[in-house]
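**Q** Here it is, the structure in full.
The values are calculated or read from the model by the stated rules, or taken from the named source; none is laboratory data. Remember, predicted model here, so these are calculated numbers, not experimental data. Reconstructed Cβ throughout: ideal geometry from the backbone, glycine too, with neighbour counts over all protein chains shown. Keep in mind that these areas ignore ligands, DNA and RNA; they rest on the heavy atoms of the full protein, side chains included. Shrake-Rupley method; radii C 1.70, N 1.55, O 1.52, S 1.80 Å.
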Amino acid sequence: MRLKNNPKAKGIVLNHPLVINDPSLNKGKWSQSFLNNNPLYLEIGCGKGQFITNLSKLHPDNNYIGIEQYESVLYLALEKAEEISPSNLKFLCVHAEYLTDYFENEEVNGIYLNFSDPWPKKRHAKRRLTSPRFLDIYKRILKSHAIIELKTDNDDLYAFSLETISDSPDFLLLQFTDDLYNNPSMINGNISTEYEDKFTERGKNINKIIFAKK
Ligand code: SAH
């Protein structure tokens, strides 16, 4: 998601109390930053923040970090989060490629990937957030048996992800559906994202995959 550049976005993100500007200083020490030892969950590509903000509200005993590469998008998530100013939610304005610089081996309890960029061209497959390169990054920062949950409108990214996860020696496919909204057990407790609301309004099927680190 790229939005028209808001000249104020950079300043807002840089100075915002919910944003950690030098996350490498917290590597291995996120519990100190949150002032508790609660489990830590990440959403990679949090966009305008609806999902992670609502999730953090529902689970005050977990810690959450929303990760978004663009300031122009993240500042909108900050506006949303400010309304409730949760103590268990923080944000990073970074690219997922560098997650191992910010999180120690096995520091993270789970990851959410919601409506990630599909990168449809074959030559861009490496950029997809479920490519083997990214699975390897997740493997390192996740605890064993940690869960990754992925939702996407994009049927090709769904098929690609099922393949990379099945081919990976490090992850176990647990549950998947190509029609989340007609799958009673998987839709139960669902928290929707901005993209999800847009696509379901248009009647588009939503795909979901739940997989775990072995
Ligand atoms: N999760 C939101 C937004 C989906 S759009 C929703 O479902 O509504 C995907 C978002 O992920 C975009 O805002 C994009 O900038 C961000 N993103 C994509 N690749 C990323 C990466 N490698 N690192 C960090 N953010 C990324």
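**Q** Mind listing whichever residues of the range 103-112 are closer than 17 Å to residue 46 by Cα and either more than 14 Å from the chain's Cα centre (by Cα) or part of a loop (DSSP other than H, G, I, E, B) (or both)?
**A** Matches in the range 103-112: none.
**Q** What residue, of 154, 183, is away from the ligand (no atom under 16 Å from the Cβ), farther than 24 Å from residue 98 by Cα and at pLDDT 95 or above?
**A** 183
**Q** Which pairs do you get when a residue that is among the small types (Gly, Ala, Ser), found in the range 71-95, comes within reach of a residue that is part of a helix (DSSP H, G or I) and open to solvent by 10 Å² or more (accessible area, probe 1.4 Å), reach meaning Cβ atoms under 8 angstrom, with the pair 6+ apart or on two chains?
**A** 87/34
**Q** So residue 95 passes all but one of these: (1) open to solvent by 30 Å² or more (accessible area, probe 1.4 Å); (2) over 15 Å from the mean Cα position of the chain (by Cα). Which condition number does it fail?
**A** (2)
**Q** Another question, then. Would you say residue 76 is over 30 Å from residue 165 (Cα atoms) and not charged (D, E, K, R)?
**A** yes
**Q** A further question on this structure: Which condition does residue 108 not pass, out of (1) more than 14 Å from the ligand (Cβ to nearest atom); (2) open to solvent by 40 Å² or more (accessible area, probe 1.4 Å), if it passes all the others?
**A** (2) is the only condition that residue 108 fails.
**Q** Looking only at residues that are open to solvent by 10 Å² or more (accessible area, probe 1.4 Å) and of a type in the set (A, V, I, L, M, F, W, C) in the range 132-154, which one is farthest from the chain's Cα centre (by Cα)?
**A** Across the range 132-154, the extreme among qualifying residues is 137.
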